[in-house]
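Undergrad: So that we are looking at the same thing, I have put the structure below in structure tokens.
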Amino acid sequence: MAEWNDGSTAALALITDRDGSDPAAQLARAAELLDEVKRGLRGPTLRLYRPRPTMAFGQRDTRLPGFEDARAAALSRGFAPVVRKAGGRAAAYHEGTLIVDHIEPAREAMVGHRHRFEVFGELYAGALRTLGLDARVGEIAGEYCPGEYSVHGVPGERSTAAAPVKLVGTAQRVVAGAWLFSSVFVVSDAGPVRGVLTDVYRALALPFDPTTAGAADDLVPGLTVDDVEAALLAMYRERGALA
């Protein structure tokens with residue numbers, strides 16, 4: 001079985017959610033699934049969905065003096081502001097992104113917490129490399145919602161980006177008996193994401209370099225969310241991890 005299993009031998013049940021629910025409902029659904037896995041009402045679960053425009057603030061963002069201005073800036077750009085329980089700083093996503101929620105039961109969910117960031121970063125970068133991206137794990141200077149195990153892409157001959165761009169942001173939520181590893185893949189139409197992040201980070205008075213906010217199709221023109229979803233599912237199937 002897969003490297004992340006923490007002793008579990010059950011395969012992942014796949015949920016492909018395309019109901020267009022509002023951002024708050026999508027976050028609530030992730031929490032519901034985590035609780036169901038924790039209580040043994042469902043087994044390991046992999047959920048993929050394509051969100052409406054969302055500005056997901058971290059808990060720390062809400063305590064900054066500029067939070068209300070940042071929230072208003074997100075709304076003015078058409079991005080619904082929500083506050084998530086997992087993750088660090090503000091992150092933006094829309095229909096050109098794919099969100100992956102991987103949920104597993106675990107007796108000692110905090111054990112392996114850091115290792116999961118390493119494992120998923122490498123696995124997801126590897127899946128993107130099958131699509132022709134030069135995807136690597138590691139934080140790039142000035143990125144939004146900075147993380148040691150973010151996945152970024154390096155420009156090549158076909159790229160429209162001039163510098164490395166963040167492609168995947170990862171976050172984790174751990175509760176007694178289960179964990180949720182959530183990842184946002186930015187695939188296409190980076191302009192709106194870059195614009196709203198610029199306004200929000202300015203309001204929060206947080207460092208941010210707009211050139212780090214890009215999408216997979218800036219590096220390999222023509223890539224779609226369908227392409228990335230197929231590559232991810234292929235990766236999971238190759239590891240015998242899907243039911």
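The values are calculated or read from the model by the stated rules, or taken from the named source; none is laboratory data. Note that the structure is predicted; figures quoted are calculated from it, not measured. Neighbour counts are summed over all protein chains in view; Cβ atoms, including those assigned to glycine, are modelled from backbone coordinates with ideal geometry.
Undergrad: Could you pull out every one of the strands (runs of 3 or more DSSP E) wholly within region 13-70 that has 2 or more residues that are over 26 Å from Arg194 (Cα atoms)?
TA: The qualifying strands (runs of 3 or more DSSP E) are 13-17, 45-49.
Undergrad: Within region 155-164, does at least one residue satisfy the condition of being at pLDDT below 95, surrounded by fewer than 20 Cβ atoms within 10 Å (Cβ to Cβ) and within 30 Å of Gly40 (Cα to Cα)?
TA: no
Undergrad: Something else now. Only one residue in Arg77, Arg60, Arg18, Arg84 is farther than 25 Å from Ala230 by Cβ, without any contact (Cβ under 8 Å) to a residue 60 or more places away in the chain, surrounded by fewer than 22 Cβ atoms within 10 Å (Cβ to Cβ) and of a type in the set (Lys, Arg), so which one is that?
TA: Answer to the check: Arg60.
Undergrad: Let me ask another. Check Arg39, Arg50 and return the single one that is over 17 Å from Asp101 (Cα atoms), among the basic types (Lys, Arg) and either in contact (Cβ under 8 Å) with a residue 60 or more places away in the chain or surrounded by 20 or more Cβ atoms within 10 Å (Cβ to Cβ) (or both).
TA: Criteria check complete, one pass: Arg39.
Undergrad: Which one is nearest to Leu133 (Cα to Cα), of the residues in region 189-200 that are surrounded by fewer than 20 Cβ atoms within 10 Å (Cβ to Cβ) and of a type outside the set (D, E, K, R)?
TA: Of everything passing the filter in region 189-200, Gly191 is nearest to Leu133 (Cα to Cα).
Undergrad: Here is a list of conditions, (1) among the hydrophobic types (A, V, I, L, M, F, W, C); (2) farther than 15 Å from Val220 by Cα; (3) in contact with an Asp or Glu (Cβ under 8 Å, 6 or more places away or on another chain); (4) crowded, with 23+ Cβ neighbours inside 10 Å, and Ala141 meets all of them except one; can you say which number that is?
TA: (4)
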